[in-house]
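The values are calculated or read from the model by the stated rules, or taken from the named source; none is laboratory data. Not measured: the values here are computed from a predicted model. Note that each Cβ is placed from the backbone with ideal geometry, even for glycine, and that neighbours are counted across all protein chains shown. Just the protein is used for accessible areas: all its heavy atoms, side chains included, with ligands, DNA and RNA removed. Shrake-Rupley method; radii C 1.70, N 1.55, O 1.52, S 1.80 Å.
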Amino acid sequence: MTDDTSRVPKLRFPGFAGAWEQRKVGDFLVESHIPGSNGATARKLTVKLWGKGVVAKQEIYSGSKATSYYVRRAGQFMYGKLDFLHQAFGIVPDELDGYESTQDSPAFDVAHDLNPFFFVEYISRKSFYVYQGTIANGSRKAKRIHADTFFAMPIVLPRKNEQDCIAQLFAMFDDLITLHQRKLSHLRQLKKGLLQKMFPKSGEDRPEVRFPGFADAWEQRKLRDYLVPSKEKNSALSYGKDEVLSVSGDAGVVNQIQFQGRSYAGASTKDYGVVQTGDVIYTKSPLKKNPFGIIKTNKGKAGIVSTLYAVYKPKDNTYTPFVEVYFDDDARLNNYLRPLVNKGAKNDMKVSKSGALTGLICFPGATEQRMLSEFFQQLEDLITLHQRKLSHLQQQKKALLQQMFV
């Protein structure tokens, strides 16, 4: 492969041809040194990690008067000297014009023949910042990437008009990604709020928001009045290791191989519990938001789970998808399990299958259970749809970055 062909991208806008030019970063940047105020008075900005750009800095404590700050201007390029390997790059937005940072987050005026947004996309690729940053860092993880080191790094780029086209395309992708991220965040907040408003508060027996036609008080009873421990085992080996299920806080009950890429089943699955569609599972594994485990309903195919899981069958008064919805609220789940569970020395859950059913819950009748479950399932389907769209856009952008850059 010749040097010329190695400097031609695989995918290109019509009308552009020829090899890109190899230059150095320092050919296009001039470090800005506009004196500002000090750490006690400066309106501070910072460069966030992982390509999240330049933002206003939120501080709990006031800074030191002994620390010098420098004024940053809209349109300037910035990076974090200590976080180069963590993709801390961005352009100062218009609304932060005049904000300040220390020399650990330097700012640079950009030459007229370099599109700053093209530049950020270029250096934000792992093939650039990880490779070049690792060379500069050597073996010291906390080593700063100073401006002269950054300036010496090689870049390969086209003429300004092609840079502009590429930058415009990726700006469109970023806008779409941001839009879906906001929609996704809004839907998650909506679900969180409705999980509180459509269920009774502690000590009450009616929710604040309710479907028309329902007025009866919800019943406060023990969970064992709705569920019973399952005794069904895989003793006949009716289910294989490819049918082992896992339980995730976000994904619910899922096939272990599909979710984690492999089966973690033991040598024998004879003692594994059988989980039918509609059965409820309590995992005795702590999560960050749920230190006493989680409770989910199997809405998919039947399978098996290890002895670390407790499996329950529903009674006639129970629509089991509602059980999952009820415990989708982290506070409600944690408050239910906390008095029932004792943690062992290895952070394992000391509670029996029947013991996990002895807490008090407040449930409506089966008809209202079903309506609430179907409503929240529709909301969850909408969240999943936006998550898929967001992931698709992010993958599209990633693929184009590989195809349209050298």
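General remarks:
- Over segment 273-357 - Rg/Rh using Cα atoms and the Kirkwood inverse-distance radius: 0.95
- Solvent-accessible area per residue in the chain equals 54 Å², computed with a 1.4 angstrom probe and all protein chains kept.
- Taking 0.36 nm per residue of separation and subtracting the Cα-Cα distance, full extension of the segment from ASN161 to MET198 would add 7.8 nm.
- When the solvent-accessible area of the chain is split by element, carbon and sulfur atoms take up 51 percent of it, the probe being 1.4 Å.
- Projected label distance in nm at VAL30 and PHE375, using a 7 Å step from Cα toward the beta-carbon: 6.3 nm
- Compactness of segment 103-231, expressed as Rg and Dmax over alpha-carbon positions, Å: 27.7, 73
- Segment 102-163: radius of gyration and largest Cα-Cα distance (Dmax), Å: 12.9, 39
- On the basis of the beta-carbon distance and an R0 of 51 Å, ASP205 and LYS52 show a calculated FRET efficiency of 0.70.
- Under 12 Å, Cβ to Cβ, from LEU194 - net charge with Lys/Arg +1 and Asp/Glu -1: +1
- Each of the peptides 93-100, 72-79, 255-262 was scored by the mean count of other Cβ atoms within 10 Å over its residues; in descending order, highest first, they stand as 72-79, 93-100, 255-262.
- Each Cα pair of segment 299-406 feeds into the Kirkwood radius, which the Stokes-Einstein equation turns, at 4 °C and 1.567 mPa s, into a diffusion coefficient of 73 µm²/s.
- Out of every Cα-Cα pair that segment 145-189 contains, those further apart than 18 angstrom amount to 60 percent.
- In this rough spin-label picture, where each label sits 7 Å from Cα along the Cβ direction, the HIS146-ASP4 distance is 4.1 nm.
- Percentage, to the nearest whole number, of Cα pairs in segment 6-126 over 23 Å apart: 36 percent
- For segment 163-307, diffusion coefficient by Stokes-Einstein and Kirkwood Rh (Cα), 37 °C, 0.692 mPa s, µm²/s: 171 µm²/s
- Reciprocal mean inverse distance between Cα atoms of the chain - Kirkwood radius, Å: 25.7 Å
- In nm, spacing of pseudo-spin labels at ARG12 and GLU95 (7 Å Cα→C-beta vector): 3.9 nm
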